[in-house]
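For reference, the structure discussed in these notes is given below.
The values are calculated or read from the model by the stated rules, or taken from the named source; none is laboratory data. Owing to the predicted nature of the structure, the values given are computational and were not obtained by experimental measurement. Heads up: the accessible areas ignore ligands, DNA and RNA and are worked out on the full protein's heavy atoms, side chains in. Shrake-Rupley method; radii C 1.70, N 1.55, O 1.52, S 1.80 Å.
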Amino acid sequence: MRPTDRIFVALDMPDIAGARAMAADLTGLVGGVKLGLEFFMAQGPDGIRTVVADAGLPLFLDLKLHDIPNTVAGAVRSVAPLAPLFLTVHASGGPSMLRAAADAAADEAAKLGVPRMKILAVTVLTSLGEDDLAAIGQQGPAQDQVRRLAALSQASGVDGVVCSPAEVAALRADLPADFTLMVPGIRPSWAAVGDQKRVMGPAQAVAAGADRLVIGRPITADADPRAAARRIAEELGA
Ligand code: C5P
């Protein structure tokens with residue numbers, strides 16, 4: 001994998017024009033763009049198509065699906081024409097739901113003749129503290145639940161998980177080398193930390209076992225996003 005392929009830039013903005021311009025500006029310097037619920041709810045599949053078609057970049061569609069298996073499978077089939085490289089679901093949806101997502105991705109790709117999207121599972125949202133987890137009936141350290149859900153995801157046929165810098169080394173040790181670890185919370189030493197709590201530098205995260213990095217504001221809020229992306233790629237060995 002080229003160093004630039006590791007970088008997925010988070011386009012956390014609701015408007016097509018802004019996302020489109022940013023993506024086009026970063027073509028060749030990043031491995032893809034991450035668009036999430038905020039953008040999808042505002043602009044729908046057509047908005048996604050517009051941003052990605054212009055930039056010619058792989059898509060990480062961060063929709064965090066969580067429903068009964070039949071509905072999640074249907075949602076996976078519905079987004080398959082967008083040909084995302086990655087799509088997220090919640091691991092807490094359980095083994096049948098995870099399996100249904102993975103099977104639907106494979107079936108639909110074969111039907112459409114497009115590459116199979118990789119399903120990534122979200123384990124425990126990093127916004128949930130120990131108190132929040134206790135409030136929803138989840139006792140014990142969050143890290144244990146993360147490891148349990150990551151192992152369940154792998155056993156249920158999904159391709160990887162989204163995990164925080166704090167979890168990447170433990171999950172890398174637990175899971176096979178071809179199981180993708182997608183890691184947000186990345187901050188080069190020269191970028192503002194902002195609201196992220198536990199951050200890691202890009203090279204440090206890869207050394208710990210990250211395959212792909214989700215990077216938003218260190219690139220998108222920089223006065224020169226291209227230069228910032230280039231600098232990160234260089235830190236990764238480009
Ligand atoms: O701007 P920044 O680099 O902090 O953006 C990180 C991206 O990764 C955002 O889209 C954020 O929602 C997402 N993310 C995260 N932490 C998680 C999961 C997702 O920062 N645990």
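On a per residue basis, the convex hull of the C-alpha atoms belonging to segment 56-160 measures out at 94 Å³.
In the context of the full protein assembly, Ile68 retains an accessible surface of approximately 100 Å², using a probe radius of 1.4 Å and ignoring ligands and nucleic acids. Membrane-span-like helices in the chain, defined purely by DSSP H runs whose alpha carbon atoms cover 18 Å or more axially and whose average Kyte-Doolittle hydropathy reaches -1.0, are 37-55, 95-112, 142-155. Between the alpha-carbon centres of segment 145-211 and segment 7-66 there is a gap of 21 Å. Rg/Rh for the chain (Cα atoms only, Rh after Kirkwood) is 0.95.
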